[in-house]
1. I need a count of the residues in region 136-151 that are assigned to a strand (DSSP E or B), out of contact with any helix residue (DSSP H, G or I) (no Cβ under 7 Å at 6 or more places or on another chain) and either surrounded by fewer than 18 Cβ atoms within 10 Å (Cβ to Cβ) or without any contact (Cβ under 8 Å) to a residue 40 or more places away in the chain (or both).
2. Could you list, ordered by first residue, the pairs with Cβ atoms under 6 Å in which the first is in region 61-89 and in contact (Cβ under 8 Å) with a residue 24 or more places away in the chain and the second is surrounded by fewer than 11 Cβ atoms within 10 Å (Cβ to Cβ), at least 6 apart or interchain?
3. Between a first residue in region 97-116 that is free of Cβ contacts under 8 Å to residues at least 60 places away in the same chain and a second residue that is open to solvent by 70 Å² or more (accessible area, probe 1.4 Å) and in a loop (DSSP other than H, G, I, E, B), which pairs have beta carbons less than 7 Å apart while being 6 or more apart in sequence or on different chains?
4. If I filter region 105-113 for residues that are among the aromatic types (Phe, Trp, Tyr) and either open to solvent by 30 Å² or more (accessible area, probe 1.4 Å) or part of a loop (DSSP other than H, G, I, E, B) (or both), do I get at least one hit?
5. Determine whether PHE133 is under 16 Å from the mean Cα position of the chain (by Cα) and not in a loop (DSSP other than H, G, I, E, B).
6. Report yes if some residue within region 170-184 is in a strand (DSSP E or B), open to solvent by less than 10 Å² (accessible area, probe 1.4 Å) and within 19 Å of ARG82 (Cα to Cα); otherwise report no.
Amino acid sequence: MARSSSGLVAGLTAAALAVVGFLAYQASANVPENLDPAKRPSAAPSAAAPGATASAKPKDPLAVPADSGTGVRVVYALGDRRVWLVNANEKVQRTFRVMPSTVSPEPGSYTVTSRSGSVSGSDGVPIEHVVRFATVDEVPIGFSAAVDGSMASPDPAKKTGGVRMKRADGDAVWVFATVGSKVVVVP
């Protein structure tokens, strides 16, 4: 019996560590810029690894994709499941993770064509701050936030075009991306 209990404790401990690790990753992916220690200047210079050069810096995973154009734009990276709001000075105003829909636009440049304050999504979920920018096979594609704050994976059996985000991120897109705004989709 003792052997069975210790196996159970070990299993529960491993599961708890996995959950804590996942939550820590999610928290680090959503740290506001002003609180991110990686973006704060250091008081002491860091030592470079032997043989390392200044150009061998690791890529910032939150940096705007290089192939996303210039100027004021919303950048949507399909593979990273991330959106950036970029201002006229090429500065990121906000970046955040999204849940893609079952239908995605091809990489390219688009324009916001319409917006809706509050509607029912193609999956039946009440959504707000809908910003539409493309249509694929008669499915409208746009950014939105579920009123209940959920970002569940869409039903793969349904053709949906809603790129879901947290409500606060949806508010930011609503203010930033008016009709005529540029949206750049990258792989």
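The values are calculated or read from the model by the stated rules, or taken from the named source; none is laboratory data. As the structure is a computational prediction, the values presented were derived from the model and not from experiment. In this analysis, Cβ positions are derived from the backbone assuming ideal geometry, glycine residues included, and neighbour counts consider all displayed protein chains. Remember, those area values only see protein heavy atoms, side chains included, never the ligands or the DNA or RNA. Shrake-Rupley method; radii C 1.70, N 1.55, O 1.52, S 1.80 Å.
1. The number of residues fulfilling the criteria is 5.
2. Correct list of pairs: VAL72/ALA88; LEU78/PRO187; GLY79/PRO187.
3. From residues that are free of Cβ contacts under 8 Å to residues at least 60 places away in the same chain, the pairs are THR102/PRO156; THR102/LYS158; THR102/LYS159; VAL103/ASP137; VAL103/LYS159.
4. yes
5. no
6. Yes, region 170-184 has at least one match.
Conditions (1) under 16 Å from GLY142 (Cβ atoms); (2) modelled with pLDDT of 95 or more; (3) assigned to a loop (DSSP other than H, G, I, E, B); (4) of a type in the set (Val, Ile, Thr), marked per residue:
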| position | (1), (2), (3), (4) |
| --- | --- |
| GLY11 | no, no, no, no |
| ALA16 | no, no, no, no |
| PRO45 | no, no, yes, no |
| VAL75 | yes, yes, no, yes |
